[in-house]
Amino acid sequence: MPELPEVETVKRGLAPVMEGSRIRRAELRRPDLRFPFPPAFSEVLEGRRIVSLGRRAKYLLIDIEGGDVVIAHLGMSGSFRVEGASEVETPGDFQIPRSKDARHDHVVFHLETADGERRVVYNDPRRFGFMDLARREVLAAHPFFRDLGEEPTGNTLDADYIAAKFRGRQAPLKAALLDQKNIAGLGNIYVCEALWRAHLSPERLAGTLVTAVGKPKKELVALTEAIRQVIADAIEAGGSTLRDHIRADGSLGYFQHSFSVYDREKEPCRTPGCTGTIGRIVQSGRSTFHCAVCQK
């Protein structure tokens, strides 16, 4: 499942082409993805200009003139590609061929841009992604968003905020971090990386990072900084690009080459001076990678 940095990378790759463009036609090549498309999805979009692209947690948001917003989720295998009149544009340092299998091209946005006609194609072999429509003025109350916590990229995510969420919690630290009601957009990969950076065990109880009066302990301050930094590093690197996820400009991200703990089972811990080895445990059906020696 693409995580927040991957979705942010897709947003930044699509924005130069889509923002300011007019949707000449929104072509749906099937009636549904994970869910059916909203009624009159194509009719609502056709002929209207794209105002801006945004992101909330792992959702891509496409603001349309008039106040409608396309909510897009990539699921496990969804990706966008940008095509010109005759070829796919794939700038970037790590170029890979785009899929040629049109059976998985489920949505095509035919755009009128300042540089001529372009196509933005949504491809999803597994069809776990989806698209929805909502009005901007009620977006925050949408079922997808109304219970989401703060973003790990904004200044509002600080140790005091997390302390209020973790106070009295008996859930393991990893589970508390994956709870989208606490922090929006964090996923398995970056939680593992942040916990390693903060030298905290994924099995430690979340409430132990908070004092009796509800203040963050120094370990929670370090964890907060680790979360913000690992997300920032991954966005700068262009996302993880694991398995079949690819950037919107056709290039691979490279943060996966910087993983310190994720998917490094039985390898030496990279913490300076640590003699431990990276282990793997299963929590709530998900693989957790950590060093039992330096993560306490």
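The values are calculated or read from the model by the stated rules, or taken from the named source; none is laboratory data. Since the structure is predicted, the reported quantities are computational estimates derived from the model, not experimental observations. When we count neighbours, we look across all protein chains shown, and the Cβ atoms used for this are built from the backbone with ideal geometry, even at glycine. The accessibility values were calculated without ligands, DNA or RNA, using every heavy atom of the protein model including side chains. Shrake-Rupley method; radii C 1.70, N 1.55, O 1.52, S 1.80 Å.
Given a 1.4 angstrom probe, what's the average accessible area per residue across the chain, in square angstrom? Please report the intermediate quantities before stating the final value.
On the way: 13500 Å² over 296 residues.
About 46 Å² of surface per residue is accessible.
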- Item | Zone of Leu205's modelled label, taken as backbone nitrogen in the stretch 146-174 under 18 Å from a point 7 Å along Cα→Cβ | 163-174
- Task: Calculate the dipole size of the stretch 138-229 relative to its Cα centre from +1 charges on Lys and Arg beta carbons and -1 charges on Asp and Glu beta carbons; express the result in debye to the nearest 20.
- Result: 260 debye
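I need the calculated FRET efficiency for the pair Thr277 and Lys217, taking r as the beta carbon distance and R₀ as 25 Å, to the nearest 0.05.
Working: r = 28 Å, r/R0 = 1.10.
Calculated transfer efficiency: 0.35.
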- Query: Nearest 10 degrees, 0 to 90: what angle lies between the long axis of helix 4-18 and the longest principal axis of the chain (Cα atoms)?
  - Reply: 20 degrees
- Item | Within the chain, helix-based [θ] at 222 nm, where runs of 4 or more DSSP H residues each add -39,500 (n - 2.57), nearest 500 | -6500 deg cm²/dmol
- Note on the structure: For the chain, the charge dipole (Cβ of Lys, Arg +1; Cβ of Asp, Glu -1; about the Cα centre) points to a positive end, and the Cα of Gln170, Ser52, Pro39 closest to that extreme belongs to Gln170
- Roughly speaking, to the nearest percent, how much of the chain's 1.4 Å accessible area is carbon and sulfur? 50 percent
- Message: For the pairs Lys174/Lys215; Lys11/Lys218; Lys11/Lys266; Lys181/Lys215; Lys165/Lys296, flag any whose C-alpha to C-alpha distance is greater than 31 Å.
- Response: Lys11/Lys218; Lys11/Lys266
- Note on the structure: Once normalised by the length of the chain, the mean sequence separation of its alpha carbon contacts under 8 Å that are 6 or more apart gives a contact order in percent of 20 percent
- Name all residues of the stretch 50-79 having a backbone nitrogen under 14 Å from the label point set 7 Å from the Cα of Glu112 along its Cα→Cβ direction, giving them as ranges. 50
- May I ask you to derive the FRET efficiency for Ala164 and Ala102 from their Cβ-Cβ distance with R0 = 41 Å, giving the value to the nearest 0.05? 0.25
